[in-house]
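Q: Have a look at this one.
The values are calculated or read from the model by the stated rules, or taken from the named source; none is laboratory data. These numbers come from a predicted model, not from an experiment. Every residue, glycine among them, receives a Cβ derived from its backbone with ideal geometry; neighbour counts consider all protein chains shown. Surface accessibility is based on the protein's heavy atoms, side chains included, excluding ligands, DNA and RNA. Shrake-Rupley method; radii C 1.70, N 1.55, O 1.52, S 1.80 Å.
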Amino acid sequence: MTTLKEALFKKIEQHRPRTTRLMKEYGDKVVADVTAQQILGGMRGIKSLITDISYLDPYEGIRYRGYTLPEVFEKLPKPEGKEMPYVEGMYYLLLTGDIPTESQVADVIYDFSNRRLLPRYVFEVIDAFPNHSHPMAIMSAAVMSMERESLFNTRYQGGMSKMDYWDPTFEDATNLLAKLPLIGAYIYDKLYLNKKDVYPDPTLDFGGNFAYMLQKDEPYDDVARMYFIVHADHESGNVSAHTGHLIASSLSDVYYSVSGMINGLAGPLHGLANQEVLRWIQDVKQKMGDKLPSKEEMKKFVWDTLNSGQVIPGYGHAVLRKTDPRYMVQREFALKHMADDELFQYVSMLYEVVPPILKEQGKAKNPWPNVDAQSGVIQWHYGLTQYDFYTVLFAIGRAFGVLSNIIWDRALGYPIERPKSITTDMLEEMVGIKK
Ligand code: CMX
């Protein structure tokens, strides 16, 4: 057993009695009410999911295992001379709740590097896609094609105790996570480079190896580490996390779950917003004949977008009510490394201009930027100008949170998800509408 798996098993054994006690002794306690608005409004704010991997406070933003993002970046071990921590260390943290030591991280890096290679048929699945396909569609299919590799399924078919479900799920999850960078890099090569020479470097960590496979120089390795870490988890109710959890709740394996997670992330109201931000800025830039607009001109572009019935991509959030700390982490990186970048000037100006306009318009509950307002511009600066690809990067990061949750779901024996639906007639009757 690896150090991480052993540590995880200990935590699972410690945690199980808490869930059992809540269920057995307090199962009928009422903890929340539900309003008609919540039922009609996408279940906003209904407390109906449980996770210990992360928690999203509307004003403070995300905490991973109790640590704010700045704390995560400060406390996790980093490669020598680098600004950003090892992604593998974050996996250790998400799974166990503990900040790993250097040697614990080294063990995870070694384990990941042994699981990186892809079966031949995955390359063939990727190659079979037409070149105008969206990279998220290719990624989803590539992950799906590996379903036959699931150890959970083999063990399940052979007869396995519920108490052991977490074990092959951990193996499947770690196998898949270790392979995602090569899937992403190969899709990138297929769509934009066509060099057909994408190979992992077994001596490098997750972020370093991804930069290597994309043929990007420093500090892109740090950009990759930062990117995967900030996108990893945002508690369980967002579309990608919830989809992954929901699929896994029927004991579908992690390949089905992560493929579904990718499909949910691919929507413009969710992960695709980062590419939409770039598309929107490019449009403004083109209309301005490549010069930076004045604040007044920028305000007009924002109002024009709103008045044409579109949303301002990268702004607003279903839970957050202040600037997303994921935006701030990336903004600080940009201020340090690319303050003069032309597109970053646009992003900075939007940060000044958009919130007052959204407030004035009075519709969005949160006028502040989210993670997607900043991320694409950093990728663009380091030469990743194919913005269709940005959500693939989001998906690689998000898989860490989704898979950590699924491992724990299996460990704690959470059941198949099955909320109840009602008809409009019933809702009208419940709220007292007489017909
Ligand atoms: N621009 C314009 N209008 C916005 C807006 C924005 N950025 N954000 C919210 N609104 C509007 C909504 O469309 C809604 O309008 P209607 O009443 O006409 O339907 C109204 O304000 C109220 O919405 P809300 O309760 O504030 O926001 P929701 O929880 O419904 O939606 C989100 C949240 C993120 C989908 C929304 O803010 C949005 O569309 N933002 C732009 C897309 C984006 O950046 N998505 C990425 C989010 C982060 C991520 O998941 O990656």
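Q: Is it the case that the range 260-271 has a residue that's under 20 Å from Ser54 (Cβ atoms) and assigned to a loop (DSSP other than H, G, I, E, B)? Step through it out loud before you land on a result.
A: To start, the set of residues in the range 260-271 that are under 20 Å from Ser54 (Cβ atoms) comprises 260-262, 264-265, 270-271.
Subsequent filtering for residues that are assigned to a loop (DSSP other than H, G, I, E, B) retains 270-271.
Scanning the range 260-271, I find at least one residue that is under 20 Å from Ser54 (Cβ atoms) and assigned to a loop (DSSP other than H, G, I, E, B), so the answer is yes.
Q: I would also like to ask the following. If a residue has to be within 16 Å of the ligand (Cβ to nearest atom) and in a helix (DSSP H, G or I) to count, how many in the range 323-345 make the cut?
A: Applying the first criterion (within 16 Å of the ligand (Cβ to nearest atom)) to the range 323-345 yields 323-331.
Filter again for in a helix (DSSP H, G or I), leaving 325-331.
The number of residues fulfilling the criteria is 7.
Q: State the number of residues belonging to the range 368-393 that are part of a loop (DSSP other than H, G, I, E, B) and under 15 Å from Arg326 (Cβ atoms).
A: Just the residues of the range 368-393 that are part of a loop (DSSP other than H, G, I, E, B), to begin with: 368, 370-371, 382-386.
Filter once more, so that each one left must be under 15 Å from Arg326 (Cβ atoms): 368, 370-371.
The total comes to 3.
Q: Something else now. Would you confirm whether any residue within the range 164-183 is over 15 Å from Gly397 (Cα atoms) and surrounded by fewer than 16 Cβ atoms within 10 Å (Cβ to Cβ)?
A: Checked against the condition, which is being over 15 Å from Gly397 (Cα atoms) and surrounded by fewer than 16 Cβ atoms within 10 Å (Cβ to Cβ), the range 164-183 yields at least one hit.
Q: Here is a further query. Here is a list of conditions, (1) in a helix (DSSP H, G or I); (2) open to solvent by less than 30 Å² (accessible area, probe 1.4 Å); (3) within 13 Å of the ligand (Cβ to nearest atom), and Leu320 meets all of them except one; can you say which number that is?
A: Against the list (1) in a helix (DSSP H, G or I); (2) open to solvent by less than 30 Å² (accessible area, probe 1.4 Å); (3) within 13 Å of the ligand (Cβ to nearest atom), Leu320 comes up short only on (1).
Q: Output the residues belonging to the range 33-58 that are open to solvent by 70 Å² or more (accessible area, probe 1.4 Å) and not in a loop (DSSP other than H, G, I, E, B).
A: Within the range 33-58, Gln37, Ile39, Leu40, Tyr55 qualify.
Q: So how many residues does the range 238-259 have that are crowded, with 24+ Cβ neighbours inside 10 Å and more than 20 Å from Arg155 (Cβ to Cβ)?
A: So the count comes out to 3.
Q: Only one of (1) open to solvent by less than 50 Å² (accessible area, probe 1.4 Å); (2) touching an Asp or Glu at 6+ places or on another chain (Cβ under 9 Å); (3) over 27 Å from Ala185 (Cβ atoms) is not met by Val108, so which one is it?
A: Of (1) open to solvent by less than 50 Å² (accessible area, probe 1.4 Å); (2) touching an Asp or Glu at 6+ places or on another chain (Cβ under 9 Å); (3) over 27 Å from Ala185 (Cβ atoms), only one is false for Val108: (3).
Q: Hey, among Lys179, Lys195, Lys162, which residue is in contact with a helix residue (DSSP H, G or I) (Cβ under 9 Å, 6 or more places away or on another chain), charged (D, E, K, R) and more than 30 Å from Leu49 (Cβ to Cβ)?
A: On the way: Lys179 fails: more than 30 Å from Leu49 (Cβ to Cβ); Lys162 fails: more than 30 Å from Leu49 (Cβ to Cβ).
Selected residue: Lys195, the only one of Lys179, Lys195, Lys162 that is in contact with a helix residue (DSSP H, G or I) (Cβ under 9 Å, 6 or more places away or on another chain), charged (D, E, K, R) and more than 30 Å from Leu49 (Cβ to Cβ).
Q: Here's a follow-up. Can you tell me which of Ser257, Ser294, Ser252, Ser240 is away from the ligand (no atom under 16 Å from the Cβ) and either touching a Gly at 6+ places or on another chain (Cβ under 8 Å) or on the phi > 0 side of the Ramachandran plot (or both)? Spell out how you get there, then give the answer.
A: On the way: Ser294 fails: either touching a Gly at 6+ places or on another chain (Cβ under 8 Å) or on the phi > 0 side of the Ramachandran plot (or both); Ser252 fails: either touching a Gly at 6+ places or on another chain (Cβ under 8 Å) or on the phi > 0 side of the Ramachandran plot (or both); Ser240 fails: away from the ligand (no atom under 16 Å from the Cβ).
Result: Ser257 is the single residue among Ser257, Ser294, Ser252, Ser240 that is away from the ligand (no atom under 16 Å from the Cβ) and either touching a Gly at 6+ places or on another chain (Cβ under 8 Å) or on the phi > 0 side of the Ramachandran plot (or both).
Q: Next up: Considering only the range 349-367, state which residues are touching a residue at least 12 places away in the same chain (Cβ under 8 Å) and either in a helix (DSSP H, G or I) or open to solvent by less than 10 Å² (accessible area, probe 1.4 Å) (or both). Spell out how you get there, then give the answer.
A: If we filter the range 349-367 for residues that are touching a residue at least 12 places away in the same chain (Cβ under 8 Å), which is where we start, we get 349-355, 357-358, 361, 364-367.
Matches in the range 349-367: Met349, Leu350, Tyr351, Glu352, Val353, Val354, Pro355, Ile357, Leu358, Gln361, Asn366.
Q: Would you point out the residue of the range 299-317, among those that are aliphatic (A, V, I, L, M) and more than 30 Å from Tyr220 (Cα to Cα), that is farthest from the ligand (Cβ to nearest atom)?
A: Within the range 299-317, the first condition is being aliphatic (A, V, I, L, M), and the residues that meet it are 302, 306, 311-312.
From the residues that got through so far, the ones that are more than 30 Å from Tyr220 (Cα to Cα) too are 302, 306, 311.
On the way: Val302: 9, Leu306: 6, Val311: 4 Å.
Checked the range 299-317; the qualifying residue farthest from the ligand (Cβ to nearest atom) is Val302.
Q: Give the residues of the range 350-366 that are more than 8 Å from the ligand (Cβ to nearest atom) and touching a Leu at 6+ places or on another chain (Cβ under 8 Å), sorted by residue number.
A: Ile357
Q: Among the residues of the range 190-207, what is the count of those that are open to solvent by 10 Å² or more (accessible area, probe 1.4 Å) and in a helix (DSSP H, G or I)?
A: Narrowing the range 190-207 to residues open to solvent by 10 Å² or more (accessible area, probe 1.4 Å): 190-205.
Of the ones still in play, those that are also in a helix (DSSP H, G or I) are 190-193.
Here the count works out to 4.
Q: Among all residue pairs at least 6 apart or on different chains, which show Cβ distances below 9 Å where the first residue, located in the range 1-15, is in contact (Cβ under 8 Å) with a residue 12 or more places away in the chain and not assigned by TED's automatic domain parsing to the domain that holds Thr101 and the second is surrounded by fewer than 18 Cβ atoms within 10 Å (Cβ to Cβ) and among the acidic types (Asp, Glu)?
A: Here the result reads none, with nothing in the range 1-15 linked to a residue that is surrounded by fewer than 18 Cβ atoms within 10 Å (Cβ to Cβ) and among the acidic types (Asp, Glu).
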